[in-house]
1. Once you charge only the Cβ atoms, +1 for Lys and Arg and -1 for Asp and Glu, what is the size of the charge dipole of region 5-80 about its Cα centre, to the nearest 20 debye?
2. Just how many % of Cα pairs in region 6-45 lie over 11 Å apart, if you round to the nearest whole percent?
3. Cα centroids of region 30-45 and region 1-25: how far apart, whole angstrom?
4. In µm²/s, what is D for region 5-80 at 20 °C and 1.002 mPa s, where D = kT/(6 pi eta Rh) by Stokes-Einstein and Rh is the Kirkwood radius from Cα pairs?
5. Relative contact order (percent) for the chain, with alpha-carbon contacts under 8 angstrom and 6 or more residues of separation?
Amino acid sequence: MTALKHFLLVYNRHTGETDVRREFASSEGRDALRARFQLERELRGHDDTEIVVLTGISLASLRKTHSRYFGDATRRRLAAA
């Protein structure tokens, strides 16, 4: 069985761009949430920003199941990386 991973994302609703900030191991779910809450405090007041932790077997699988966070702007940025 494949272990799940947690991904901390910052999504800009205005531009449709997603910044994949960090990947956490399956056992680091609490750390992922702490990091999310810390970013929410840091980015308070940025109304177009959504901070989420998504859990899945890979970032590629999350692109399929949570396509909202991986629009054209993000695909172009990830491809260039």
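What follows is calculated from the coordinates using simple rules that are stated; it is not laboratory data. Keep in mind the model is a prediction, meaning the values are calculated, not measured. Glycine gets a Cβ as well: all are built from the backbone with ideal geometry, and neighbour counts include every protein chain shown.
1. In debye, rounded to 20, region 5-80 gives about 220.
2. Counting pairs separated by more than 11 Å, the tail of P(r) holds 65 percent.
3. Using only Cα atoms to place each centre, the spacing works out to 13 Å.
4. 170 µm²/s
5. Averaging sequence separation for qualifying contacts and normalising by length gives 39 percent for the chain.
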